[in-house]
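Here's the structure, in structure tokens; my notes come after.
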Amino acid sequence: MDLALLRTFVTVHRAGSFTRAAALLGLSQPAVTSQIRTLERQLGRPLFLRQARGVTPTTIGDELAHKAAPHLDALVEITETGLDDESSLRTLHLAGPPEFTAERALPALTELTGEDGQGFALRASFGNAEETLEGLAAGHHDLAISTARPRGALLTASTLCDEEHVLVAAPSWAGKLGSGEALRAVPGVKRAPALEDVPVVEVHESLPFVSRYWASVFDSRPAAPGTVVVPDLRAVLACAVAGAGLAVLPRYLCATALERGEVVALHEPTVPPLRTYFLVVRTGTLAMPHIARAHEWLLRAAADWC
């Protein structure tokens, strides 16, 4: 049996689409379709059910993928390891949210880029979870950091770390609000009245960070709209330090400002809101040494980020 046909089959099985598989393989969609039909003729069985959007594997297709994929991944690992020893510097393409990638992932990975004989070139791009996962699935990235766990067989996710969210503001606002008792939700009312007139600094008009905090801690929705909206958490922190209003920020991002007294925590809930990050790869690509090393390195580094 032609290994090229099996490789195309496994890629389609993981991608769930002839179109997406064609992009990953660098082939035209008709070429992928032709190869799958050739394999189906050789086996005498249908491997996929064609649907309006993508394809679904048959029982035979699932069985073949289960048997063939590990062996194909092992062959890729052998080939890539050989190339890695003899070829020039490999390039790792990383994508993720701008703040976390810049503050956490990139500093960790740059320790690997200069290793003698084993380093790699690094290229990074920023985007939200949907953008980064779509780019990874399309083959534009090697690794993606996402706040959403992907579905399907094409992408494989590992839990990277959790970030704690903190409600902060400049010290002047804390003085106006008074003690922590004033920030507690009113029993039966499900709101924190003392915070309703405080301006809000956020990354989007929908107030994603503040709304998530209010729902988790106060079991309510924030009453105040966004006064300052800027699409970068580092800019949100700068505005909060300047006294623009309250903000909900990852603790790692505002820890230094808290230590310096540039902002203060307005509320310390017993169970702080958390957001989980996932490290995502296309299934099978951990057979490539430079991707595997970066993946392992980030997981190790993340143990100190929690």
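The values are calculated or read from the model by the stated rules, or taken from the named source; none is laboratory data. Since this is a predicted model, take the numbers as computed values, not measurements. Cβ: placed from backbone, ideal geometry, glycine included. Neighbour counts: every protein chain shown.
Residues of the stretch 254-266 that are surrounded by fewer than 20 Cβ atoms within 10 Å (Cβ to Cβ), touching a residue at least 12 places away in the same chain (Cβ under 8 Å) and at negative phi: A257, L258, E262, V264, A265.
For every residue, the table says whether it meets (1) in the same structural domain as A22 (by TED's automatic domain parsing); (2) modelled with pLDDT under 90; (3) surrounded by 19 or more Cβ atoms within 10 Å (Cβ to Cβ); (4) not polar (S, T, N, Q).
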residue	(1), (2), (3), (4)
R53	yes, yes, no, yes
P70	yes, yes, no, yes
A105	no, no, yes, yes
T113	no, yes, no, no
F126	no, no, no, yes
L136	no, no, yes, yes
T147	no, no, no, no
G152	no, yes, no, yes
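Per-residue answers, yes or no, for (1) of a type in the set (V, I, T); (2) closer than 24 Å to L89 by Cβ:
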{"residue": "A238", "(1), (2)": "no, no"}
{"residue": "G245", "(1), (2)": "no, no"}
{"residue": "Y252", "(1), (2)": "no, no"}
{"residue": "T256", "(1), (2)": "yes, no"}
{"residue": "F278", "(1), (2)": "no, no"}
{"residue": "L286", "(1), (2)": "no, yes"}
{"residue": "R293", "(1), (2)": "no, yes"}
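For the stretch 5-37, the set of residues classified as among the small types (G, A, S) and either closer than 12 Å to G139 by Cα or touching a residue at least 60 places away in the same chain (Cβ under 8 Å) (or both) consists of A15, G16, A21, A22, A23, G26, listed by residue number.
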